[in-house]
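Let me begin by presenting the structure, written as structure tokens, before commenting on it.
The values are calculated or read from the model by the stated rules, or taken from the named source; none is laboratory data. Everything quoted here is computed from the prediction, not taken from an experiment. With ideal geometry, Cβ positions are generated from the backbone for all residues, glycine too; neighbour counts draw on all protein chains shown. These accessible areas exclude ligands, DNA and RNA; they are computed on the full protein's heavy atoms, side chains included. Shrake-Rupley method; radii C 1.70, N 1.55, O 1.52, S 1.80 Å.
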Amino acid sequence: MVATLLSLFSRFTTEVMAGNQERTFIMIKPDGVQRGLVGDIIQRFEKRGYKLVAMKFKQFDEAHLKQHYIDLADKPFYPKLCKFMSSGPVVPMVWEGKDVVKMGRAMLGATNPLQSNPGTIRGDFCIDLGRNICHGSDSVDSANKEIALWFDKTELASWSMCTGDNVYE
Ligand code: ADP
């Protein structure tokens, strides 16, 4: 009986921890880099209380972008999208925190910037669909796949934010 209760408690604690430890993949696209918006986008996630776990600044080849957007391979804009995404350096990142996948998407705004609310990243900085400056995973499953595509496990930093107790109760 005690063992069962302990096991249930441990599973509950792990699930609560897992909730806080959710990770998402956010990428600043070449247009966001060119327009000098890297600092602003990073700052929004930092100020919200999310934890940066990994980040790169690098130009990637078209084959890599084709893999990233493989689910859109049948869309007419797929070749143009992959070409643009490989046209300059991007900033792929991993952010961690409670509900960060859903909140990351909310912070980015709608795919079409003209339908993004002011206050969101796309709603504040963009106009055109093909120049919407950032990408964010749309589910936990996609986040896990995208993180594995863009980062080696050794590139994911394991660290505690000293502000943690003031972000989470
Ligand atoms: P999101 O980036 O919001 O997850 P999608 O995965 O549907 O959106 O599309 C990937 C990217 O492809 C979008 O961010 C946008 O830059 C581009 N895109 C989407 N739809 C179109 C379209 N109809 N025409 C041109 N580009 C598009």
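Annotations for the structure displayed:
- Pairs exceeding a 28 Å alpha-carbon distance, out of K58/K80; K56/K145; K51/K80; K29/K98; K29/K51; K51/K83: K51/K80; K51/K83.
- Most fluctuating residue given options T154, T24, T120, as computed from a GNM of the chain linking Cα atoms under 10 Å: T154
- Heavy-atom accessible surface of the chain, averaged per residue, reaches 60 Å², computed with a 1.4 Å probe.
- Radius of gyration and maximum dimension Dmax of the chain, Cα, Å: 17.6, 61
- The mean sequence distance of close C-alpha pairs (under 8 Å, at least 6 residues apart), as a share of the length of the stretch 21-153, puts its relative contact order at 38 percent.
- Beta bridge orientation in the chain: antiparallel %, DSSP, nearest 5: 95 percent
- Angle in degrees between helix 140-150 and the longest Cα principal axis of the chain, rounded to the nearest 10: 60 degrees
- More than 14 angstrom apart: percent of Cα pairs within the stretch 45-90: 57 percent
- In the stretch 114-168, the chymotrypsin sites (Phe, Trp or Tyr not before Pro) that fall in loop regions by DSSP, at most 12 other Cβ within 10 Å: W159, Y168
- Cβ-defined net charge surrounding H135, 9 Å radius [Lys, Arg +1; Asp, Glu -1]: 0
- Inter-centroid distance (Cα atoms) of the stretch 108-169 relative to the stretch 58-101, Å: 13 Å
- Portion, in percent, of the accessible area of the stretch 21-153 that falls on carbon or sulfur, probe 1.4 Å: 51 percent
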